[in-house]
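The values are calculated or read from the model by the stated rules, or taken from the named source; none is laboratory data. All figures in this text were calculated on a predicted structure; none of them were measured in a lab. Quick reminder, even Gly has a Cβ in these numbers, built from the backbone with ideal geometry, and neighbours come from all protein chains shown. Accessible surface is based on the protein model in full, side chains and every heavy atom, while ligands, DNA and RNA are left aside. Shrake-Rupley method; radii C 1.70, N 1.55, O 1.52, S 1.80 Å.
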There are 2 protein chains.
Amino acid sequence: MKQGNRYGLHRVLEPQGTMPQPAWRIDNTMELYSNEILLDVETLNIDSASFVQIKEAEGGDPLRIGEHMKKIVAERGKHHNPVTGSGGMLIGMVRAIGPELQGKLDLVPGDRIATLVSLSLTPLTIEEITGMDVKTGQVDIKGQAILFESGLFAKLPDEIADRIALAVLDVCGAPAQTEKLVKPGDTVVVLGAGGKSGLMVLCQARKSAGPTGRILALEYGEASCERLRELGWADVVLNLDATKPVDVLQAVEKATEGRMADVTINCVNIPGTEMASILSTRDEGTVYFFSMATSFTAAALGAEGVGKDVNMIIGNGYTKGHADLSLNLLRESKQLQALFEAKYGM
Amino acid sequence: MKQGNRYGLHRVLEPQGTMPQPAWRIDNTMELYSNEILLDVETLNIDSASFVQIKEAEGGDPLRIGEHMKKIVAERGKHHNPVTGSGGMLIGMVRAIGPELQGKLDLVPGDRIATLVSLSLTPLTIEEITGMDVKTGQVDIKGQAILFESGLFAKLPDEIADRIALAVLDVCGAPAQTEKLVKPGDTVVVLGAGGKSGLMVLCQARKSAGPTGRILALEYGEASCERLRELGWADVVLNLDATKPVDVLQAVEKATEGRMADVTINCVNIPGTEMASILSTRDEGTVYFFSMATSFTAAALGAEGVGKDVNMIIGNGYTKGHADLSLNLLRESKQLQALFEAKYGM
């Protein structure tokens, strides 16, 4: 059996010398290296920005969406959307564990896991698409995947349904980072608060900011806003288009009496919302970009362009304990459970 | 005279409702609004990533580079490179100040200033290109520009030559952010240490980390590395290609005996160096991306893909006092002066 590199470098086909994520194409032959894990894939959870792009390109037709997905995997050896640059994650059953890893991990063949690394670097094959939820981007397949030695994963908890655990784990970096950033008494603006990551962030922000904190939830569309108001986590719910920075600026100015946000968290899954995030934030405050639709240059030049001294953070999908924190957040909050069950519980 | 918006919204042509920076096209007619400043432009300092892209597209031919630049401005009303998304800055003489701003600013017509906001949001006309330094991306023109009310600027200091002041001010966010991030005793990795921002960052990192700090400078090419060794600011100079993350990882591991960097600052002006930055940094360390060639998704998914819990910051070109800090750094360091004089002093 061949020995593989910790970070999966042995799977990179082109360009040579890059890591699996930025690589255009990786080797998805399902022959195991000594430090890899082979998985039988059950469900792909396509990144929201990526799935929205594919869905729009294919007019919402599930068959065409499926063909589009297969084409990406055939071309790149991974489900790495070339337009959005993003991936997603998967649920699968462990089929084989390379001998180098045996005994080092709390894992045996037959265990069911969710991968916590992006599909954009995961060797994948799709034999067949067996089901698709076009609303959520959860796609059931017959296929296989490889997890590298450095790849993060979470064993699926028995008491939480798979689809719900997957949906939670997919965005578990966001609430975990929120927990690190938000201090008691902070004013927090959450953009895209009604989406999957937005709801988790909102729930954690309320918890971290405490009763003296002030939470503003921004969402687009009156129905979504009404649902957020019913949850009661936010002090203010604003029905606004986050691609309209001037509208957002004026609404946040009004709601905070000019104080603006200590921490702004962007969970909007469409492009063009960098400036609304920056303008919502006070001088020397923090903007946390969790959205994969964020443009680096739009953020960097945007802040400079309006002379705003804010700390802008790139959302890192991983921080220590992120999976446990998120699953515990779900266990603690009956409301969050109900929301995820309604949306992802079949 | 018409009244303009503080952030220049009145100049946005398409798409409507966006800010001037993300807008595809802005109005560059040189008719002054009541809160604008009109400038006679002398020199454009094109952003390094942008100029390298244009230069490569035009085979290094100054005439073709000039035509390319004029075409960008004709199409967009600003020098906003559609490929790199970045701009640059300019030097000009104040020709007129809108009545709303008169008396509020320490500025009169005839003053010479450098704009500290990006060319990617600055209304600009180019009548004629009168000179070009293809090595540095400084381009002399006959033309005009508009500075919005929110636009930052610095009056040019008498004792520092224009071209040098412009070169320093263009990257003044980087050393100012370095000063905020680097603590005494820190291990700091600077990628692209031999470039303009890299040199300023390196100088400031040495100052901030102090004698107990450890500074690693990475640069590509033996000649550049030899110059860095002569400066003596770095404890270790490594001749490495920052697009090769594995090489960088191994070299930094060796030089720090596995400790890795507390703070990594990326000043490389080519794409594909996110992963080298992430891998150079210790768990819970900070990566500061100053390079405009940074890809948001490559950074976000890259860190997740290798399970690295690092704080990743988007380089904000503006932080309070950034112009003064940078000009003072130059005044303090004879070596930095000599470097900038050799490179930008005509």
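How many residues does the stretch A:284-332 contain that are in contact with a Leu (Cβ under 9 Å, 6 or more places away or on another chain) and either more than 7 Å from chain B (Cβ to nearest Cβ) or in a loop (DSSP other than H, G, I, E, B) (or both)?
Residues that pass the stated criteria total 16.
Pull out all pairs, ordered by first then second residue, where Cβ-Cβ is under 8 Å, the residues are six or more apart or on different chains, the first lies in the stretch A:113-139 and is at positive phi, and the second is of a type in the set (Gly, Ala, Ser) and assigned to a strand (DSSP E or B).
Matching pairs, first to second residue: A:GLY137/A:GLY88.
Are there any pairs with C-beta distances below 9 angstrom linking a residue in the stretch B:225-240 that is open to solvent by 30 Å² or more (accessible area, probe 1.4 Å) to a residue that is hydroxyl-bearing (Ser, Thr, Tyr) and not in a loop (DSSP other than H, G, I, E, B), with the two at least 6 apart or on different chains, and if so which?
Taking only residues 6 or more apart or on different chains, the pairs are B:ASN239/B:SER224.
In this structure, is A:VAL268 outside any helix (DSSP H, G or I), open to solvent by less than 50 Å² (accessible area, probe 1.4 Å), in contact with a Gly (Cβ under 8 Å, 6 or more places away or on another chain) and closer than 27 Å to A:ALA303 by Cβ?
yes
Output yes when any residue across the stretch A:130-147 is at pLDDT 90 or above, assigned by TED's automatic domain parsing to the domain that holds A:PRO22, over 25 Å from A:THR319 (Cβ atoms) and in a loop (DSSP other than H, G, I, E, B), and no when none is.
Yes, that holds for at least one residue.
If I filter the stretch A:156-187 down to residues being of a type in the set (A, V, I, L, M) and within 14 Å of chain B (Cβ to nearest Cβ), which single residue comes out as surrounded by the fewest Cβ atoms within 10 Å (Cβ to Cβ)?
A:LEU181
Yes/no matrix, rows are residues, columns are (1) over 17 Å from the mean Cα position of the chain (by Cα); (2) more than 22 Å from A:GLY258 (Cβ to Cβ); (3) assigned by TED's automatic domain parsing to the domain that holds A:ILE278:
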{"position": "A:ALA161", "(1), (2), (3)": "yes, yes, no"}
{"position": "A:LEU166", "(1), (2), (3)": "no, yes, no"}
{"position": "A:THR178", "(1), (2), (3)": "no, yes, yes"}
{"position": "A:LYS183", "(1), (2), (3)": "yes, no, yes"}
{"position": "A:ASP186", "(1), (2), (3)": "yes, no, yes"}
{"position": "A:LYS196", "(1), (2), (3)": "no, yes, yes"}
{"position": "A:CYS203", "(1), (2), (3)": "no, yes, yes"}
{"position": "A:ALA209", "(1), (2), (3)": "yes, no, yes"}
{"position": "A:THR212", "(1), (2), (3)": "yes, no, yes"}
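Could you tell me which residue of the stretch A:5-34 is farthest from the other protein chains (Cβ to nearest Cβ), considering only residues that are farther than 20 Å from B:ALA276 by Cα and of a type outside the set (S, T, N, Q)?
Checking each candidate, the answer is A:GLU31.
Quick test for you: out of B:VAL201, B:VAL168, B:VAL190, B:VAL237, pick the one residue that is within 27 Å of A:GLN21 (Cα to Cα) and not hydroxyl-bearing (Ser, Thr, Tyr).
Testing whether each residue is within 27 Å of A:GLN21 (Cα to Cα) and not hydroxyl-bearing (Ser, Thr, Tyr) leaves just B:VAL190.
If I ask for residues that are in contact with a helix residue (DSSP H, G or I) (Cβ under 8 Å, 6 or more places away or on another chain) and among the β-branched types (Val, Ile, Thr), which ones from the stretch A:73-93 would you list?
If the condition is that a residue be in contact with a helix residue (DSSP H, G or I) (Cβ under 8 Å, 6 or more places away or on another chain) and among the β-branched types (Val, Ile, Thr), then A:VAL83, A:THR84, A:ILE91 are the ones that fit.
Residue check, A:GLN3 against (1) surrounded by 14 or more Cβ atoms within 10 Å (Cβ to Cβ); (2) more than 22 Å from the chain's Cα centre (by Cα), all met but one. Which one?
Single failed check for A:GLN3: (1).
Tally time: how many residues in the stretch B:42-61 are touching a Leu at 6+ places or on another chain (Cβ under 9 Å) and open to solvent by less than 10 Å² (accessible area, probe 1.4 Å)?
Number satisfying all stated conditions: 4.
Within the stretch A:299-310, which residues are in contact with a helix residue (DSSP H, G or I) (Cβ under 9 Å, 6 or more places away or on another chain) and either farther than 10 Å from B:ILE314 by Cβ or at pLDDT below 90 (or both)?
Listed by number, the residues that qualify are A:LEU301, A:GLY302, A:GLU304, A:GLY305, A:VAL306, A:LYS308, A:ASP309.
Among what's in the stretch A:173-206 and is of a type outside the set (A, V, I, L, M) and without any contact (Cβ under 8 Å) to a residue 40 or more places away in the chain, pick the residue that is nearest to A:GLU219 (Cα to Cα).
Here the answer is A:GLY194.
When only residues in the stretch A:13-36 that are at pLDDT 95 or above and touching a Ser or Thr at 6+ places or on another chain (Cβ under 9 Å) count, which is most open to solvent (accessible area, probe 1.4 Å)?
Restricting to residues being at pLDDT 95 or above and touching a Ser or Thr at 6+ places or on another chain (Cβ under 9 Å), the top hit is A:TRP24.
Against the definition (more than 9 Å from chain A (Cβ to nearest Cβ), buried (at least 21 other Cβ atoms within 10 Å of the Cβ) and more than 24 Å from the chain's Cα centre (by Cα)), how does B:VAL263 come out, yes or no?
no
I'd like to verify a number: residues in the stretch A:241-260 that are surrounded by 16 or more Cβ atoms within 10 Å (Cβ to Cβ), more than 9 Å from chain B (Cβ to nearest Cβ), part of a loop (DSSP other than H, G, I, E, B) and on the phi < 0 side of the Ramachandran plot, how many?
2
Give the residues of the stretch A:106-115 that are touching a strand residue (DSSP E or B) at 6+ places or on another chain (Cβ under 7 Å), within 24 Å of A:GLY317 (Cα to Cα) and part of a loop (DSSP other than H, G, I, E, B), sorted by residue number.
If the condition is that a residue be touching a strand residue (DSSP E or B) at 6+ places or on another chain (Cβ under 7 Å), within 24 Å of A:GLY317 (Cα to Cα) and part of a loop (DSSP other than H, G, I, E, B), then A:LEU107, A:ASP111 are the ones that fit.
Condition test on A:SER277, is it touching a residue at least 24 places away in the same chain (Cβ under 8 Å), more than 9 Å from chain B (Cβ to nearest Cβ), under 22 Å from B:LEU181 (Cβ atoms) and in a helix (DSSP H, G or I)?
Yes, satisfied.
Can you name the residue in the stretch A:122-155 that is more than 18 Å from B:VAL306 (Cα to Cα), within 18 Å of the chain's Cα centre (by Cα) and of a type in the set (A, V, I, L, M) and, of all such residues, is surrounded by the most Cβ atoms within 10 Å (Cβ to Cβ)?
So, considering only residues that are more than 18 Å from B:VAL306 (Cα to Cα), within 18 Å of the chain's Cα centre (by Cα) and of a type in the set (A, V, I, L, M), the one surrounded by the most Cβ atoms within 10 Å (Cβ to Cβ) is A:VAL139.
Go through the stretch A:77-110 and give me each residue that's within 14 Å of chain B (Cβ to nearest Cβ) and not aliphatic (A, V, I, L, M).
A:LYS78, A:HIS79, A:HIS80, A:ASN81, A:PRO82, A:THR84, A:GLY85, A:SER86, A:GLY87, A:GLY88
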